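What follows is one structure encoded as structure tokens, with my remarks underneath.
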Amino acid sequence: MEKIIIRNFKPEDVARVHELDKKYKSVFPDSPVVQAEVYNSPEFEEGRNVFCAFNEEGALAGYAAIYPVLAENGSGYPNVLWAEMKVDPDFQSKGQLRDLLYDKMMVRAAEIRNGAPVKDTKICFCYFTTETESIDYLLSKEFKACDGIYSMVRDLGEPINDTAVPEGLEIIEWRMETREEKDRYIDAYNTVFPEKPWNVEGLEYFMKSDMWIDGTTITAFSGTGIAGSIMLYWSPDRKTEHGKRQAFTENIFVMPQWRNKGLGSCLIGKGLSYLVKHGAGTALLEVRTNNIKALDIYIRMGYRIAKEQKVLEYSI
């Protein structure tokens, strides 16, 4: 194998990672082109959680990244290190290149685990079922396949159900302009999703991205308390065949005391209507394949399953 130099990600690598992603997508069309600026976000610890592999000519041959979701003491949940690894489809010794990146990742994963309050840790990769080379590689490393992730699509040209607002609630467009508002949102989000806590720093970084320029949440309030929310933001690269924009409908949640009152459907309907008003042609979301209740709601609201990602995990 030709000489490979591996170093941590630097801000000037954004364009090269983006180009590699586009080349990878030409072979594996299901794979998204990552907005490589994301690797500058706080979760990647100034590049320490991202490894770039270069050949002797300085071309990017592959990269690997870890996005840590660290559990809180007493939560009962493990740390989850969401990982990504892509290599140039034309690289001659892809297996050896993967080995080099994999070894770097696992050393870094152990460092993250050792510095975390909770020690129970698993590392997880997501690959679309068409990405057989990457899946087979991880299976050879004793990763196990677990419940996957559906990518769902909603055609916004179809009618949207208009569900009544539950009594006692006010629903508004809420962009969380102040730190206090962001804190309130994160507190509500983490109450519903204790297994994947977020933080204000990560939210603020996301809100600086192109995806959020016209983004918002549709949020339900009971007085000053958050009852539920849906986050709406834009896909910067993709458009429908008719030239309309694609948007994401994500972070859909309802606080426990407001469940089973139709609030989830109400928020989704208002979110879809907002996207239509702002020129979107399709709405996208992801959901775990075992989340039957959420799947039922999404299908009832007009989403369809477009493709599936396999989740492969390994305990460290």
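The values are calculated or read from the model by the stated rules, or taken from the named source; none is laboratory data. Quantities reported herein were computed from a predicted structural model and do not represent experimental measurements. A quick note on method: Cβ atoms are made from the backbone with ideal geometry, for glycine too, and the neighbour counts reach across all protein chains shown.
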State all residues of the range 256-284 that are over 21 Å from the mean Cα position of the chain (by Cα), of a type in the set (A, V, I, L, M) and under 15 Å from V192 (Cβ atoms); if no residue qualifies, say none. L263
Of all residues in the range 90-140 being touching a helix residue (DSSP H, G or I) at 6+ places or on another chain (Cβ under 7 Å) and in contact (Cβ under 8 Å) with a residue 60 or more places away in the chain, which is farthest from R48 (Cα to Cα)? Y127
In the range 125-142, how many residues are touching a strand residue (DSSP E or B) at 6+ places or on another chain (Cβ under 6 Å) and buried (at least 18 other Cβ atoms within 10 Å of the Cβ)? 6
Failed item, numbered, when G168 is tested on (1) at positive phi; (2) touching a Phe, Trp or Tyr at 6+ places or on another chain (Cβ under 6 Å); (3) surrounded by fewer than 16 Cβ atoms within 10 Å (Cβ to Cβ): (2)
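Hey, can you tell me all the residues within the range 50-62 that are buried (at least 18 other Cβ atoms within 10 Å of the Cβ) and more than 16 Å from V107 (Cβ to Cβ)? Talk me through it step by step, then tell me what you get.
First, the residues of the range 50-62 that are buried (at least 18 other Cβ atoms within 10 Å of the Cβ): 50-54, 60-62.
Within the range 50-62, F54, L60, A61, G62 qualify.
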Restricting the search to the range 33-45, which residues are more than 16 Å from A64 (Cβ to Cβ), surrounded by 13 or more Cβ atoms within 10 Å (Cβ to Cβ) and not polar (S, T, N, Q)? V33, E37
Of the residues W234, W212, W258, only one is in the same structural domain as D296 (by TED's automatic domain parsing), surrounded by fewer than 18 Cβ atoms within 10 Å (Cβ to Cβ) and among the aromatic types (F, W, Y); which? W212
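Return yes when Y77 is more than 15 Å from the chain's Cα centre (by Cα) and surrounded by fewer than 20 Cβ atoms within 10 Å (Cβ to Cβ) and no when it is not.
Working: more than 15 Å from the chain's Cα centre (by Cα): yes; surrounded by fewer than 20 Cβ atoms within 10 Å (Cβ to Cβ): yes.
Yes, satisfied.
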Can you work out which of the residues in the range 285-294 that are over 15 Å from L267 (Cα atoms) and within 19 Å of the chain's Cα centre (by Cα) is surrounded by the most Cβ atoms within 10 Å (Cβ to Cβ)? V287
Kindly check whether there is at least one residue in the range 154-175 that is within 20 Å of the chain's Cα centre (by Cα) and either closer than 24 Å to E43 by Cα or among the small types (G, A, S) (or both). yes
Give the range 156-206 a look and list any residue that's among the charged types (D, E, K, R) and closer than 25 Å to G281 by Cβ, or say none. E158, D162, E173, R175
Determine whether S265 is of a type in the set (S, T, Y) and surrounded by fewer than 17 Cβ atoms within 10 Å (Cβ to Cβ). no
